[in-house]
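Q: Handing you this structure, nothing more for now.
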Amino acid sequence: MLFMEADIVVKAVMIGLLLASVWTWTIIVSFGMNIAQISRKSDKFERAFAKTEDMDRFFDEYGQSSLPSARVLASGVKEWRRSTSKGPIDREGTRQRLASAMNTTIAHEVDRIADRLNFLATVGSVAPFVGLFGTVWGIMRSFSAIAAEQNSSLAVVAPGIAEALFATAIGLFAAIPAVIAYNRFSHRLNKLEARMGRFADGFHATLSRELELGN
């Protein structure tokens, strides 16, 4: 009822905030499912990696996977093969290139996974102000109605104030879940980045030992 009686500007604010809220919840659900799936698959991948005795066979099995840790593995193996395909082998240079290749992949994977989180941050910071704009506009209309009717009774003022408060409520409805989800997912993403970093360090140590044994 409040929406139907609202001014066109306030309606536009409400519609925009509702659409932002719908998209926010879409991101929350999809990102939550995605990060949970990545976590489960990473557990399985790392257990398999810890048990493998044939790195080439393991790479053939997992090298084309879209799993972030598998892409870190693939970047390390590819750099290893390029650096050791021709002699003499520069041990220190190879170690540095391996670390650089895997760290670059980690950064790329984090950016790829976090791509839509920026929208949550934007909604969380902007939505309250958009709702506030609707509030201010509704109050302005109320004062205009007072001036036009030359009457300050609640019957004149209440509709505009109600619209204003409703716009504010929708702004908070969009912003609060976005802020909570952004903080929670940022924490989980940091944990995933640290996990990939630990995997890269372990794989780097394995390849470093291979360098020492091969020379």
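The values are calculated or read from the model by the stated rules, or taken from the named source; none is laboratory data. Being a predicted model, the structure only gives us computed values, none of them experimental. Using ideal geometry, Cβ is built from the backbone for each residue, glycine included, and neighbour counts are taken over all protein chains shown. SASA here: full protein model, heavy atoms, side chains in, ligands and nucleic acids out. Shrake-Rupley method; radii C 1.70, N 1.55, O 1.52, S 1.80 Å.
Q: What pairs come out if I take residues in the stretch 117-128 that are under 12 Å from ILE180 (Cβ atoms) and pair them with residues that are small (Gly, Ala, Ser) and in a helix (DSSP H, G or I) whose C-beta lies under 7 Å away, six or more apart or interchain?
A: Cβ pairs passing all conditions: LEU120/ALA178; LEU120/ALA181; VAL123/ALA20; VAL123/ALA174; VAL123/ALA175; VAL123/ALA178; GLY124/ALA175; GLY124/ALA178.
Q: Let me ask something else. Given the condition in contact (Cβ under 8 Å) with a residue 40 or more places away in the chain and among the β-branched types (Val, Ile, Thr), answer yes or no: does some residue in the stretch 47-64 qualify?
A: So far as the stretch 47-64 goes, no, none of its residues is in contact (Cβ under 8 Å) with a residue 40 or more places away in the chain and among the β-branched types (Val, Ile, Thr).
Q: Here's another thing I want to ask about it. Taking the stated definitions as given, is ALA101 farther than 16 Å from SER208 by Cβ and not charged (D, E, K, R)?
A: Values: farther than 16 Å from SER208 by Cβ: no; not charged (D, E, K, R): yes.
No, not satisfied.
Q: Can I ask one more? Quick check, is GLY93 open to solvent by less than 30 Å² (accessible area, probe 1.4 Å) and more than 25 Å from the chain's Cα centre (by Cα)? Break it down stepwise before answering.
A: Numbers: open to solvent by less than 30 Å² (accessible area, probe 1.4 Å): yes; more than 25 Å from the chain's Cα centre (by Cα): yes.
When the stated conditions are applied, GLY93 passes them.
Q: Could you tell me which residue of the stretch 180-193 is farthest from GLN37 (Cα to Cα), considering only residues that are open to solvent by less than 80 Å² (accessible area, probe 1.4 Å) and out of contact with any Leu (no Cβ under 8 Å at 6 or more places or on another chain)? Steps first, please.
A: If we filter the stretch 180-193 for residues that are open to solvent by less than 80 Å² (accessible area, probe 1.4 Å), which is where we start, we get 181-182, 185-186, 188-189, 192-193.
This time we only want the ones that are out of contact with any Leu (no Cβ under 8 Å at 6 or more places or on another chain), so: 188, 192-193.
Working: ARG188: 13, LEU192: 12, GLU193: 15 Å.
So the residue we want is GLU193.
Q: Collect the residues in the stretch 34-55 that are among the acidic types (Asp, Glu), within 20 Å of ARG209 (Cα to Cα) and surrounded by 11 or more Cβ atoms within 10 Å (Cβ to Cβ), keeping them in residue-number order. Please lay out each step first, then the result.
A: Keep residues of the stretch 34-55 that are among the acidic types (Asp, Glu), which gives 43, 46, 53-54.
Applying the additional criterion that residues be within 20 Å of ARG209 (Cα to Cα) yields 46, 53-54.
Residue satisfying the conditions is GLU46 alone.
Q: Within the stretch 66-84, which residues are open to solvent by 10 Å² or more (accessible area, probe 1.4 Å), among the polar types (S, T, N, Q) and either under 19 Å from the mean Cα position of the chain (by Cα) or under 14 Å from LEU211 (Cβ atoms) (or both)?
A: Listed by number, the residues that qualify are SER66, SER83, THR84.
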